[in-house]
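The values are calculated or read from the model by the stated rules, or taken from the named source; none is laboratory data. Quantities reported herein were computed from a predicted structural model and do not represent experimental measurements. Here Cβ is always computed from backbone atoms with ideal geometry, including for glycine, and neighbour counts include all displayed protein chains. Ligands, DNA and RNA are stripped out before the accessible areas are found, and what is left, the full protein with its side chains, is counted by its heavy atoms. Shrake-Rupley method; radii C 1.70, N 1.55, O 1.52, S 1.80 Å.
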Amino acid sequence: ALGFAGGLWIHALIFVMMTIAAVFIAGIDLKVYVGLVSGALFFLLPGVFVVFLSCDSLLRAALLFSRSLAMVSCFYFLCLTTPALEVGVALKGFGVPRLFVELSFLTYRQIFTLADYAGMIYNAQAARLGYMSFASSLRSMGLLVSGLFTKAMECSEKLQMALEARGYDGGELKVIDLKWGKG
């Protein structure tokens, strides 16, 4: 709540505290954390730029940027230090609909499956010198994205078949309850 109500200095303090907590207390590798924050910046900066152009206010854009970065650091701390099952139990405890929690778990699994697949493709391409020049990098990245899209569609079809095999009819997913074993 403080991140939404505070100003630039409060947001900066939240970001610094969450970064220190993630890197030095939770033991997250600094390179991994910087990579995650860089990925978030890739999406935040264009949005902040659009806000700056539309509102013509540098202060408003800076406030949006600092607030977003503070909240992203809190989100990363939560994601990097809390097992997904615990997050699911907490969401269920807060009254989040069961379907949303279950879809979140399915999405979470798909993201990591695709990230693993993308890493394997990238390593294979790099081993074959697919990123030696700018042109080969563009070609390799295009092939990686194409392969990833194909894999995502394949995984989606398999997931749909698995859900149908378990009796999914568009309503509630029939999976194990988060309270350990109630179906």
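Observations, loosely collected:
- The C-beta contact set for segment 155-183 (first residue within 19 Å of L91 (Cβ to Cβ), second residue of a type in the set (G, A, S) and modelled with pLDDT under 70, distance under 8 angstrom, 6+ apart or interchain) comprises K174/G183; V175/G183; I176/G183; D177/G183.
- Yes/no for V145 being outside any helix (DSSP H, G or I), β-branched (V, I, T), more than 16 Å from the chain's Cα centre (by Cα) and over 28 Å from G27 (Cα atoms): no
- The set of residues in segment 76-111 that are free of Cβ contacts under 8 Å to residues at least 12 places away in the same chain and under 12 Å from the mean Cα position of the chain (by Cα) comprises L78, C79, T107, R109, I111.
- The lone exception for R60 - which of (1) of a type outside the set (V, I, T); (2) open to solvent by 60 Å² or more (accessible area, probe 1.4 Å); (3) at pLDDT below 85; (4) within 23 Å of F15 (Cα to Cα) it fails: (3)
- Tallying residues that are in a helix (DSSP H, G or I), more than 19 Å from the chain's Cα centre (by Cα) and over 19 Å from L13 (Cβ atoms) within segment 25-57 yields 8.
- Inspection of segment 168-176 finds no residue satisfying the criterion of being open to solvent by 70 Å² or more (accessible area, probe 1.4 Å) and part of a helix (DSSP H, G or I).
- Criterion applied to V87, V16 was being modelled with pLDDT of 90 or more, open to solvent by 40 Å² or more (accessible area, probe 1.4 Å) and part of a helix (DSSP H, G or I), and the one residue passing it is V16.
- Applying the criterion of being assigned to a helix (DSSP H, G or I) and at pLDDT below 85 to the residues of segment 1-13, the residue that is nearest to C79 (Cα to Cα) is G3.
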